[in-house]
Each structure stands twice: as C-alpha cells, then as structure tokens.
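Report on one structure; see the data block that follows.
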Amino acid sequence: MNVTQKLISSHLIEGKMEPGREIGLKIDQALQQDATGTLVMLELEAIGLKRAQTEVAVQYIDHNLLQGDHKNADDHVFLQSAAKKFGYWFSRPGNGVSHPVHMERFGKPGKTMVGSDSHTPAAGSLGMLAIGTGGLDVAAAVAGKPYYVKMPKVMGVELKGELPDWVSAKDVILEMLRRYDVKGGRGYIIEYYGEGLKSLSAMDRHVIANMGTELGATTTVFPSDEEIRRFLRSQGREEDWREIKADEGAVYDAEDVIELPELVPLIARPTSPGNVVPVSEVAGKPVHQVVIGSSANPGIRDFWVVSEIVKGKMAHEDVSFDINPTSRQLIENLSRTDGFFNLLHAGARFHQSGCMGCIGMGQAPATGKISLRTMPRNFPGRSGTLDDQVYLCSPETAAASALTGKITDPRDLEGLYGMEYPRYQYPEKEIINEQMLIPPEEDGEDTELVKGPNIQSLPEFAPYPDAYQAPVLLKMGDDISTDEILRAGAEVLPLRSNISEISKYSFSIIDDSFYRRAMEAKEEYPGHIVVGGENYAQGSSREHAALAPRYLGQLAVIAKSYARIGWQNLVNFGILPLEFVHPDGHGKIGQGDVLEMKGLRDKIKSSGEIIVRNVTKGVDIPTRHTLSERQKKVILEGSIINYFSKV
C-alpha cells in the first residue's frame, strides 16, 4: 500500500476503499479556528455534547484578532468558555496560526484529523491524514461519530533531485497549480514521495501540503521519515515519531514527476492561485505592498531567508513591507538569530501572530496597487480591497521585490547586489513556547457558555419540501469561491456568530442586490435557487457560505460540478446540490427564471434523475445528485443537526 492507503485502512470504520464510494473514518484529532469555531461550539451545544471524544481537540484564535468593537472580543471569551466546557485545548489570541502551531505541539504521524479550516491538510506534512471540512462535520467527529467522505483516488507525485538556489517549497506547489489549476486535484489525495524529499524540511512540506487545498485535493500526504523525526526532536516530541512509508512497489491511481532542479521562481497572478507563470514573465510591474507570513509560508526559514535578503538594506520607499509572524514561538526563535533585527532595520511593519491579511483582517492593499503575498489565496476581494491586485509568491520573490519596488525574479539579486543564496541551518532544539496554550479541564460540564450580544443560537430549519417553484436569483460561471459567496474581511467576519446579520453579505461581491432580492423572493416563493458552473464553492471551509444562503431561503444549487467541502456544507445545511446531466443544461437557465421541481422526496431517496422544469422558458432540464444513503436522510430532515436528533 501507499502511505494514503495505510492511513485510511487503519482508521476505516464504514465502507470500502473504492474511489467514489462514501467511507467513514475514525478521527483522532480536531482543529478549529475562531472564524468557524464559534459555529462548531454552537453546534456542539445543540447536539448536547458533554466532552470531546477525540484524543485531541484544539480551539485556536488566529483569524479574527482585530478588536474594533466588542464582537471579536466577545467571541474569544465565548470560545474560551466553550473549550473549557467541552474539553478542548485553547490557544489564546496572539499565540499563532493554527496549522503551524498544531504541527509543532500536537501533530503525530499516523493520526487522522479533521479541521474547520480548509488548510488543515498542512498536517499531512507529518504523515497524518488531515482533512479540512465544514464545522458540522468537525462537530460530529468531536462527538465521536465517524467522518464521512467519498473515497478519493491517490495521485503519486515523485520528487527528483534538489531545488536550485532562489527556488523554494512555495515554487513546488505553484508548479503543481500551474499544471493542474484550482480543480485538477478534485477527487484525489496528493501523495509526495521520492529522493527529492531529502532536501525538503518538515516545514517545507507544510508549505506544499497547505496549498494542496488550492488544487481542490481532498488532502495531501507525505511519508513520515527521518526528517519528521528530526523536526519532532527539535520540538521536544521525538517519542511521537513513527516511520510511515509506502511499501515497495506501491501503486497510484495517477502519477506525476517533478524534477526539482528544473523549477524556476513562480508567481500566481490575480485573481486565482491557479493563474501561475514564471516570475520573469511579470517582472518589472510596480509593487506597493509585500506581506510575509500566513499558514502557507509559516516556518522560521521563510522569515529568516527574507531577513538575510534585506539585511543592511531598506525596503523601497513605495513598498509597505509587512510581516505576519505565524506564532509567538517563531518570534522567540527568530529573535535568537539576527533575523528579527534585520527585518526591523529594513523597515518591516510587524503585526500580530495570526492570519491577519490572509483573511482580510487588516493589511488591505491600496486601490489599484499590486500586493505580493506569501499567502495561499488571492480570490477577488479576499484582501479587503474589492479591486485588489494580489499576487502569490515565495518568500524569496517577495523579499527581492520589497527591495526593488517592482516584481523581481530573486535570481536577479546575484547581479543587483552580488548576493549569495542564504541557506538556513535548523537548530537541534528550538525554543518551545506553550505558555498561551490552556489545557482542557478534567470536568468542565458545569461551565456556563459566555455569549455576548452578537452570539445568536443556530436557526432551525424545516424538512425538505416535496415540491416547489422558486426563482433563480443568481447565475454564475466557473470557479466561484466561498469568499465570493460570503465575504471575508474585517467588516464581515466579526458577524460569524450572528447568522441573520452575516447573511446580508451573501453573494455581495458578485451582486450587492442579492440580499434584498432574496428577502423579496421569500414573500412570494418558499425560497430561491442559484446556478453555478464548474467547481462551485471552492476555497475556504467556511460553512457560513452555505448557512447564510440557507437562512435566506436557498433551496438548491444547480451547478456543473462542486468543490468537495462546499458540496458537503450544502448537504449539511439542507440545500440540495444538483448537477446538470448534460453540459448544455447550464445554458437553458437564466437569472430570473422560475424553476419547478415535483416529487422530490421520493426522487432524492431513489438517486434517480430529477427533472427541473424551467417554467419561464417552458423547457425541462435533467439534473442529478450524488448523495450517499446517509446524506439523503440529512437533506430530507433539513439539516445534519435535525438528522442527529433522530439517530
């Protein structure tokens, strides 16, 4: 078996390991962040959980750190009380980004994990099976239930040789995105292997695993080898190491090869992580902002190499040079070197340890100006600026561009400054900081949940109707992201615990009249429908992108295809995800058309085609669903919480 098959088979509870069939997995660990964790805790309250059933459950505060008013601060207090009540570890605000902190303090080779953040697969760097998913799925796993997912295929990617100077792990995953775009990994787990791994540190692998999410992959897996042993030893956790590698002769459903010596510095242009070209192709464009950090480049090497590049120099006068340290522990270790001083001396602006600009929580770029970021996503408006020009690149490219004030191939630094490529030497032992991790209570059942005025209980949803007519409020194209379905940023995310308020921002990036039209539709119809193209609801695991439209009356989505997490979230909140049987079906529906469906409850149970009648145009459109037997029951009950109350 390959590594992926070993991890799945050792945790398989239900189903068979046949691609496309639903399987149920035992989950060992759970990760939550605050932008999605409030809903998970409210869901655990609704379920009536007494204590987390996973070996480890951790609630991180890393997304909504800005406290412009009471909302974020109230949520932090609520989450700390919920962590105490339900038996979670609690990572306090400012401790760091969930994924690297979890990797350093809790990740263990051979374990399974689900997280209410789409970049949870970063833990695959340790030889874990770590999957990002919607909060309801996390809540179920924390309550001791299996995690259900369609069995993916496995793509084996062999890495050969060593990376050349000025090329790093970010360029490896950007090369994958150049080849496969944002949907080429759908239905796959990506497993890396080969002698090229010897030159990639554990945190280098984290970079690659983290952004495997941008490929649409279910997760990314690496073997657990001597490098992982070294990493855990440096964290004082060598006893957690175990070797996990593919058997001799292991096979994969698909295969690819990356010749590391042939890679060049790459960059993703606006407005998609898959819009990748060589840096040299866009070199010379003026840059206004450079941001270093995020879960996509979280390791000390990533900050240290930037500090060495800018050492003794000053960032260009037109560039805002921003540093998002990924953890308090990283800051302590960086300060042990000259790195901290070098960055400060070069004009860097230091921000809190957390996601910050990656999720649009501050650091929004100026209108019409280019921002270079070492972050994982550049979907439209995600930065907080609606007409943003965000490029994604390696720390080396970012640092070079900060100095010159224009997009610069880092290899040019040799000629510009006579600079040699700096190489980081990992210490045998890192400074360990666990001061801001609060361990779980032995018995917190009597703890009262502290709910501020912005924290509202989950809305109740009725069972799915048997027939209805409903208008199409929005027709969209391909690759619509959850950031476009429901905005991120400092204005919207503080409302994540108040569904009635956050729903007002549904689809606002695409059409700012959507909320008004949805409320008007509810006066005449039982709800509404939206239509999408390929890869609908890609990106963040934020289940608000399903919950908020459901609150506004969304009954169904009809699309050519879906991103995995977005599709699961629709099901969990009782929105019927349908797919066109024929490619031309998308063209037979227009925005404003009224659609009719009849006999739905029986058709959902039977898995047969569902004929959608376009009443406005007088045509029938064949659609289908791909729900499992369990998911059919969830849809019919109206939500997975309703379903849990019946089983």
Two-decimal Rg to Rh for the stretch 3-262 - Kirkwood Rh, Cα set:
0.97
Using the Cα gyration tensor of the stretch 590-647, with a ≥ b ≥ c the square roots of its eigenvalues, what is the shape: rounded (a/c below 1.5), prolate (a/b larger than b/c) or oblate (neither)?
prolate
Amide proton proximity set for G299, modelled H, under 5 Å, gap of 5+:
none
In whole percent, what relative contact order does the stretch 1-77 give with Cα contacts below 8 Å and a gap of six or more residues?
26 percent
Cα-based convex hull, the stretch 468-644, per residue volume (Å³, whole number)
104 Å³
Compute the orientation-averaged projected area for the chain from the convex hull of its Cα atoms and round it to one decimal in nm².
26.3 nm²
Long-range amide H partners of S508, meaning residues 5 or more apart or on another chain whose placed amide H is closer than 5 Å, are R487
Sort the stretch 353-449 into rounded, prolate or oblate with this rule: let a ≥ b ≥ c be the square roots of the eigenvalues of the Cα gyration tensor; rounded if a/c is under 1.5, and if a/c is not under 1.5, prolate when a/b is larger than b/c, oblate otherwise.
oblate
Over the stretch 271-416, one equal point on each Cα, no solvent: what is log10 I(q)/I(0) by the Debye formula at q = 0.11, 0.16 Å⁻¹?
-0.35, -0.77
Provide the net charge surrounding V305, with neighbours chosen by a C-beta distance below 15 Å and charges set as Lys +1, Arg +1, Asp -1, Glu -1.
-3
Quick check on the exposure proxy: order H544, H288 from fewest to most C-beta atoms within 10 angstrom.
H288, H544
Exposure proxy check on K6, K522, K603: fewest-to-most Cβ neighbours within 10 Å is K522, K603, K6
Amide H to amide H under 5 Å from V390: which residues, 5+ apart in sequence or cross-chain, H placed 1.01 Å off N in plane?
S371
Note: R179 to E248 extended length (0.36 nm per residue) minus current alpha-carbon separation gives 22.1 nm
With each run of n ≥ 4 DSSP H residues scored as -39500 (n - 2.57), what mean residue ellipticity at 222 nm is computed for the chain after dividing by its residue count and rounding to the nearest 500 deg cm²/dmol?
-8000 deg cm²/dmol
State which helices in the chain qualify, where a helix is a whole DSSP H run, it must extend 18 Å or more along its own axis by its Cα atoms, and its mean Kyte-Doolittle hydropathy must be at least -1.0.
34-47, 70-86
Given points 7 Å out from each Cα along the Cα-Cβ axis, report the V77 to V282 separation in nanometres with one decimal.
4.3 nm
Between the stretch 18-96 and the stretch 175-203, the alpha-carbon center distance in angstrom:
28 Å
Where the centroid of each part is defined by its Cα atoms, how far is the stretch 267-338 from the stretch 354-377 in Å?
11 Å
Local electrostatic count, E239, Cβ distance below 11 Å [Lys/Arg +1, Asp/Glu -1]:
+3
Check cross-link reach from K429 to the lysines: straight Cα distance under 28 Å, and skip same-chain residues fewer than eight apart.
K108, K111, K170, K198, K245, K311
In Hz, Karplus ³J(HN,Hα) per residue of the stretch 262-272 (6.51, -1.76, 1.60; θ = phi - 60°; x = Gly, Pro):
8, 6, 10, x, 10, 8, 9, 7, x, 10, 8
At a 10 Å Cβ-Cβ cut-off, how would you order F303, F580, fewest neighbours first?
F580, F303
Report relative contact order for the chain in percent, whole number only (criteria: Cα-Cα under 8 Å, sequence separation at least 6).
14 percent
In sequence order, calculated HN-Hα J values of the stretch 362-377 (Karplus, 6.51, -1.76, 1.60; Hz; x Gly/Pro)
x, 6, 5, x, 5, 4, x, 9, 7, 10, 9, 9, 8, 9, x, 9
For K50, the lysines lying under 21 Å Cα to Cα, once residues fewer than eight places off in the same chain are dropped, come out as K26, K84, K85, K145, K451, K646
Counting alpha carbon pairs within less than 8 Å and at least 6 residues apart, what relative contact order, in whole percent, applies to the stretch 271-416?
35 percent
Residue-by-residue Karplus 3J(HN,Hα) for the stretch 413-427, coefficients 6.51, -1.76, 1.60, Hz, glycine and proline x:
5, 4, x, 6, 10, x, 8, 8, 5, x, 10, 7, 9, 5, x
Net charge near P93, counting Lys/Arg +1 and Asp/Glu -1 over other residues with Cβ under 13 Å of its Cβ?
-2
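The numbers here are math on the coordinates, done by the rules we state, and not lab data. Because the structure is predicted, anything quoted here is derived from the model rather than measured. Note that each Cβ is placed from the backbone with ideal geometry, even for glycine, and that neighbours are counted across all protein chains shown.
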